[in-house]
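Beneath this line is the structure, given in structure tokens, with notes to follow.
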There are 2 protein chains.
Amino acid sequence: MSEEISQHIDQMIRHDEDESPDSLPDSFDELEPEQIALLLESLPLDARRHAWSRVPAELYADVLVAMRTEARESLLRQFDSQTLDQLTSDLDAETLIELADSLPDEVVDIALARMDDRQRTHYEQSASYAEDLLGRYVDHELLVLPHNSRVRDAERLMRRKVPEYSEHLWLVDRTGRYTGAVAINRLFGAASHQPLAELYDEELEALSAELTLKDACEQFEMAEVAALPVITSEGRLLGRMSQRLAFELVHEQYESQLMASAGLDEDEDLFAPVMRSSQRRATWLGINLLTAFLASWAIGLFEATLQQVVALAVLMPVVASMGGIAGSQTLTLIIRGLALGQITTANIMPLLKKELSVGGLNGVLWALVIGVVASLWFDSVAIGLVIGMAIVINIAAAALSGVLIPVLLERLKIDPALSGSVILTTVTDVVGFVAFLGLGTLLLV
Amino acid sequence: MSEEISQHIDQMIRHDEDESPDSLPDSFDELEPEQIALLLESLPLDARRHAWSRVPAELYADVLVAMRTEARESLLRQFDSQTLDQLTSDLDAETLIELADSLPDEVVDIALARMDDRQRTHYEQSASYAEDLLGRYVDHELLVLPHNSRVRDAERLMRRKVPEYSEHLWLVDRTGRYTGAVAINRLFGAASHQPLAELYDEELEALSAELTLKDACEQFEMAEVAALPVITSEGRLLGRMSQRLAFELVHEQYESQLMASAGLDEDEDLFAPVMRSSQRRATWLGINLLTAFLASWAIGLFEATLQQVVALAVLMPVVASMGGIAGSQTLTLIIRGLALGQITTANIMPLLKKELSVGGLNGVLWALVIGVVASLWFDSVAIGLVIGMAIVINIAAAALSGVLIPVLLERLKIDPALSGSVILTTVTDVVGFVAFLGLGTLLLV
């Protein structure tokens, strides 16, 4: 895949630079919507707009849904009324749910007006669930039968177009309540007059539409089927969660965790407009600046010492940086543990003990190494002693904060992946500088 | 899920601390192997060993396979010959492939000897593929028929036990070469004497066993089916890649990227023995120490200046830290882009331009803020001027390195998620200190 896409990316950009229209591929006919989406995301804004004009109109909706929000909106903002008209001519409920937040209200209304009644009902049901709930994203293409149907009814249903990921068909009672699932393979060998209710797959559990996306993914993966039924709080069959949705959600969760560590959003566009991108990143830099000034203030307490022993100023980054790295190792392990659900009230103490032991061992080891190097560099055993002690103190503090900061943040419902590392670095910087310069003041001045 | 598991974790740990056997749940009967695996991973080593004794023997293999390597090996090392005997009594090829690296050679030999011929052949085929290739991990539970079979043969096959994730059955010729797939739902309504070859699903493509796991996952998700056939380089049907494998691989890839950012391995055990864990982390701390000394050396060049203007020492962390944060934002965006395949030769220049513009804007903005604060703090406009210029230079350098470092590492086949941030921080530290102290020497001394 990547080979093919990267050629397309290169061609589109060169074309945009040279303005030589003949160097272009004919169209994106041979690409999947997901591939076209990736291609568009990889292009600067002008080239992206040109590339859009080569997307076949029937793929508009699929390509936009496959794009990350911000890149998608960069295109939508530029759409003329004809393109919007083509886009809204035949949307299903799931697609409109995905795109609605990126579209002007009047365009959503037009799309809704053009939907058939069934899709409009689906849309309204989905839209009644919040953004982080499973109910919002269910897929409405279902193999459903009344619960008193027989095997021959199921066989008739199977002759029609069967949606992908169909291992089961779902049964509902007269009021639409879900009564159970029948594995399609059970139909083979069953007598045609046999009631389907005798073939229920007892192991298959329905998912509640009120589940958060994270919990829904966990239950889905545990169930080991290609799709699960999703029911409302009253037990009505709302739709299904298929493998495709599960993959999308898993990718989004991880991407947002990865991007959060740098204060970014998972929807950040590679080629976001400079002003927008600067604004967003400015906030993160501003938060960091406050913590950096805190570290400076800590150093400022020891101005007199620094004036007398300039070696301390030279070695400061070593103390801060060793603490920061040791802390971020613990922090990363704990953040993963929290995400997996490995960390509970009862195992925090043993974890703390283990991390403090690891920190203690490494603290002593590197304190010796750094102490010797510093002693030789500045020809002073006292300097070596001071930095060695500061390193031990700071790596121990790093282990402690690496465990406690993410656990506390989680309790306070703040994402530890987002703010954990900023807070940790503040602690290791301040502790490191105060320990190092404080010991320096006591022993060297 | 997490609620239930975390109660179990708490109970096991409290039990281990109080040694009151009556406080324990009866057994883990109601838990899935994946849940037991998570529970075991969440326990300190002693409690983990006690908890293992409550795992039903028939789940041994499944639980061990579901565990991360290091935690699994912490248990395997303690197994007595009876447990090993139970474990190896009925392993299939896929399970043994997963466990083989964690087992002593003689135990693998025993397990192989106890396998039936079919499983042993599967094992040998899988073991002939390297660790990062799809062929090693294929699932051998397949619905297969000779390519000249008819619909009635397929119907007969379907009456037997059908493996999960079965939307298709696969056809092979006399030599075992894969000839195509038939969607199971196509069997409904087809005449029983119709040749299956007339019902081939033309859209379904087989995966090559030689694919890397990453490429295999991409192709699998694009195909949107619950399982795909996997073929050898000669076209023989080796097995299938199912959704379960795809999920496992996706989780592993992300986890390893997340852990790599702190120099950790995705198999790192939450409760790894202190010595082992310390050793591993020591390497990463050592690498970081070298870069920290590089920064110190850069500062050391300006000792005379620092002695005269101690305010420079106080403000140093602000310059380094703003560069580090700005750089890590760019770096994170680029690392994601590389992982997704969004970044090619042609779009590096426009990306660099965009990131430099964002960096330039934020550089100027924060240079003004920091400049004013520093001027007021130290009552010197010159100090404000020096730090302002240093901030602009360092944030620009950060943008440049945030793009170029990961791209270069990728070219050199070094994982940018692992070493990108260490190298970046070194650059922003050194550039920041040299710019700040250099300008200070020119303008303040």
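How many angstrom lie between the C-alpha centres of the range B:256-314 and the range A:271-327? With the range B:256-314 and the range A:271-327 each reduced to a Cα centre, they are spaced 15 Å. Please grab the % of Cα pairs in the protein assembly as shown that end up more than 53 Å from each other. Taking all Cα-Cα pairs of the protein assembly as shown, the fraction more than 53 Å apart is 22 percent. Antiparallel beta bridges, as assigned by DSSP with both residues in the protein assembly as shown, represent about 75 percent of the total such bridges.
Taking the Cα centre of the protein assembly as shown as origin and assigning +1 to Lys and Arg Cβ atoms and -1 to Asp and Glu Cβ atoms, the resulting dipole is close to 1780 debye.
If only the Cβ of Lys and Arg carry +1 and only the Cβ of Asp and Glu carry -1, the dipole of the range B:2-129 around its Cα centre is close to 340 debye. Remark: label point of B:G189 defined 7 Å out from Cα along the Cα-Cβ vector; separations to the same position in other copies 2.5 nm, ascending. Rounded, prolate or oblate: pick one for the range B:345-399, where a ≥ b ≥ c are the square roots of the eigenvalues of its C-alpha gyration tensor, a/c under 1.5 means rounded, and failing that, prolate if a/b is larger than b/c, else oblate. Because a/c hits 1.5 or more and a/b exceeds b/c, the range B:345-399 counts as prolate. The radius of gyration of the Cα set in chain A, together with its Dmax, comes out at 29.5, 97 angstrom. Helix B:117-127 and the longest principal axis of the C-alpha atoms of chain B enclose an angle of approximately 20°. Report the one residue of A:L340, A:S277, A:L312 whose Cα lies farthest in the direction of the positive end of the charge dipole of chain A (charges on C-beta: Lys and Arg +1, Asp and Glu -1; origin at the Cα centre). My answer, from the dipole projection, is A:L312.
Shown for B:Q253: label points 7 Å from Cα along the beta-carbon vector, and their distances to the equivalent points in the other copies, 1.7 nm in ascending order.
According to the square roots a ≥ b ≥ c of the eigenvalues of the Cα gyration tensor, what is the shape class of the range A:277-317, taking rounded for a/c under 1.5, prolate for a/b larger than b/c otherwise, and oblate for the remainder? Taking the square roots of the gyration eigenvalues as a ≥ b ≥ c, the range A:277-317 is prolate.
The amide H of B:L207, built 1.01 Å from its N in the peptide plane, has B:V230, B:I231 as neighbours under 5 Å, considering only residues 5 or more places off or on other chains.
Applying a DSSP loop filter and a limit of 13 other Cβ atoms within 10 Å to the GluC sites (Glu not before Pro) in the range B:225-309 leaves B:E234.
With everything on Cα atoms, drop me the angle between helix A:348-377 and the longest principal axis of chain A, reported from 0 to 90° to the nearest 10. Once rounded, one gets 40 degrees. Ascending distances from the B:H50 label point to its copies in the other chains, with the point 7 Å along the Cα-to-beta-carbon line: 6.9 nm. The 3J(HN,Hα) values that the Karplus relation (6.51, -1.76, 1.60; θ = phi - 60°) gives for the range B:396-405 are, in residue order, 5, 4, 5, 4, 4, 6, x, 7, 6, 4 Hz. Gly and Pro appear as x.
Take the Cα of B:E3, step 7 Å toward its Cβ, do the same at A:S256, and the gap between the two points is 2.2 nm.
Along the range B:208-221 the Karplus relation, 6.51 cos²θ - 1.76 cosθ + 1.60 evaluated at θ = phi - 60°, assigns HN-Hα couplings of 7, 5, 7, 5, 6, 4, 5, 5, 4, 4, 4, 5, 5, 5 Hz to successive residues, with x for each Gly and Pro.
Each of B:L196, B:V422, B:Q35 was scored by the projection of its Cα onto the charge dipole of chain B, and the greatest displacement toward the positive side belongs to B:V422; charges sit on the C-beta of Lys, Arg, Asp and Glu.
Each helix, a run of at least 4 DSSP H residues, gives -39500 (n - 2.57); summed and divided by the residues of chain B, these come to -20500 deg cm²/dmol at 222 nm.
Annotation for the range A:68-133 versus the range A:176-222: alpha-carbon center distance of 30 Å. Distance from the C-alpha centroid of the range A:387-428 to that of the range B:330-384: 26 Å, rounded to the whole angstrom. Normalised Debye scattering of the range A:105-257 at q = 0.12 Å⁻¹ gives log10 I(q)/I(0) of -0.55, counting only Cα atoms as equal scatterers and leaving out solvent. What angle, in degrees between 0 and 90 and rounded to the nearest 10, separates the Cα long axis of helix A:274-300 from the longest principal axis of the Cα atoms of chain A? On a 0 to 90 degree scale, this one is about 30. In this Cβ point-charge picture (+1 for Lys and Arg, -1 for Asp and Glu), chain A has a dipole of about 1980 debye about its Cα centre. For the range A:129-174, trypsin sites (Lys or Arg not before Pro) meeting the loop criterion (DSSP other than H, G, I, E, B) and having at most 11 other Cβ atoms within 10 Å: A:R160, A:K161, A:R174. Restricting attention to the protein assembly as shown, the count of lysine pairs at 8 or more positions apart or across chains with alpha carbons under 29 Å apart stands at 8. Here the label points at A:R118 and B:M275, each 7 Å from Cα along the C-beta direction, are separated by 6.8 nm in the simple model. Computed from the C-beta positions of B:V144 and B:D29, the FRET efficiency with R₀ = 35 Å rounds to 0.50. Rounded to whole numbers, the Karplus 3J(HN,Hα) couplings from phi for the range B:60-69 are 2, 5, 4, 5, 4, 4, 6, 7, 6, 3 Hz, using 6.51 cos²θ - 1.76 cosθ + 1.60 with θ = phi - 60°, and x at Gly and Pro. The P(r) of the range A:274-444 has a tail past 19 Å containing 59 percent of all C-alpha pairs. Ratio of Rg to Rh for the range A:1-147: 1.03 [Cα atoms; Kirkwood radius as inverse mean 1/r over pairs].
Expressed to the nearest 5 percent, the antiparallel share of DSSP beta bridges inside chain B is 75 percent. Putting +1 on Lys and Arg Cβ atoms and -1 on Asp and Glu Cβ atoms, find which of B:T121, B:V108, B:V162 reaches farthest to the positive end of the dipole of the range B:75-182. Farthest towards the positive end: B:V162.
Readers should treat all values here as calculations from the given coordinates under stated rules, not as data from a laboratory. Predicted, not measured: the structure shown is a model, and the values here were computed from it. Because the Cβ atoms are built from the backbone with ideal geometry, glycine has one as well, and the counts that use them run over all protein chains shown.
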